[in-house]
Amino acid sequence: MWLRAGVDAQRADTVMRALAVAPRLAEITGLAPADARRRLRLVPGIGVWTAAEIAQRALGDADAVSVGDYHVAKHVTHALEGVVGDDARMLELLRPYAGHRFRVQRLLETAGVGAPRRGPRITLPTHLPQ
């Protein structure tokens, strides 16, 4: 069933682990945002990026930055500094916006401000066995 939905075994296992502790994960709505992200990361397979993406959408966490994303750091650093940088530099540049860092990230994304696109687009993996 998972493969027909385009979900590989590793991701399916993460979903099943999250389901096993769903009542504890449901409690994150009452936690401080940083504590909620920490609890999410206790589930094997849920890392910093996934916890931030969940916190942004499910909890309305205005400070959850998408660290580890393929494009975000490049776009944010280029928009704020004019030079493409990494996650560490992005976090330094966003420090003055603490409490609203995801809002800044999202505003830059929706404004279309970011690093210039170069080269051919990559082909995204399907996560299905070949």
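The magnitude of the dipole of region 60-130, with charges of +1 and -1 set on the Cβ of Lys/Arg and Asp/Glu and taken from the Cα centre, is near 260 debye. Over region 61-103, Cα pairs under 8 Å with separation of 6+ residues give a relative contact order of 50 percent. With coordinates expressed along the principal axes, the C-alpha atoms belonging to the chain extend over 44, 42, 22 Å, beginning with the largest. Using a probe of 1.4 angstrom and keeping all protein chains present, the accessible surface of the chain works out to 67 square angstrom per residue.
Shown here: region 33-100, whose C-alpha atoms stretch 36, 23, 17 Å along the first, second and third principal axes, sorted largest to smallest.
Let me check against my output: what whole-number percent is the relative contact order of the chain, with C-alpha pairs under 8 Å and at least 6 apart? Can you show the working numbers first?
Numbers: 133 pairs, mean separation 28.2, N = 130.
So the answer I get is 22 percent.
Note on region 47-130: with neighbouring protein chains present and a 1.4 Å probe, carbon and sulfur make up 58 percent of its accessible heavy-atom surface.
Classify region 63-116: rounded, prolate or oblate, from the alpha-carbon gyration tensor (a ≥ b ≥ c, eigenvalue square roots; a/c under 1.5 rounded; otherwise prolate if a/b is larger than b/c)? Here region 63-116 falls in the rounded category.
Dividing the summed -39500 (n - 2.57) terms of all DSSP H runs of n ≥ 4 by the residue count of the chain sets its mean residue ellipticity at 222 nm at -14500 deg cm²/dmol.
The values are calculated or read from the model by the stated rules, or taken from the named source; none is laboratory data. Please read these numbers as outputs of a predicted model, since none were measured by experiment. Note: ideal-geometry Cβ built from the backbone for every residue, glycine included; neighbour counts use all protein chains shown. Surface areas here come from the heavy atoms of the whole protein model, side chains and all, with no ligands, DNA or RNA. Shrake-Rupley method; radii C 1.70, N 1.55, O 1.52, S 1.80 Å.
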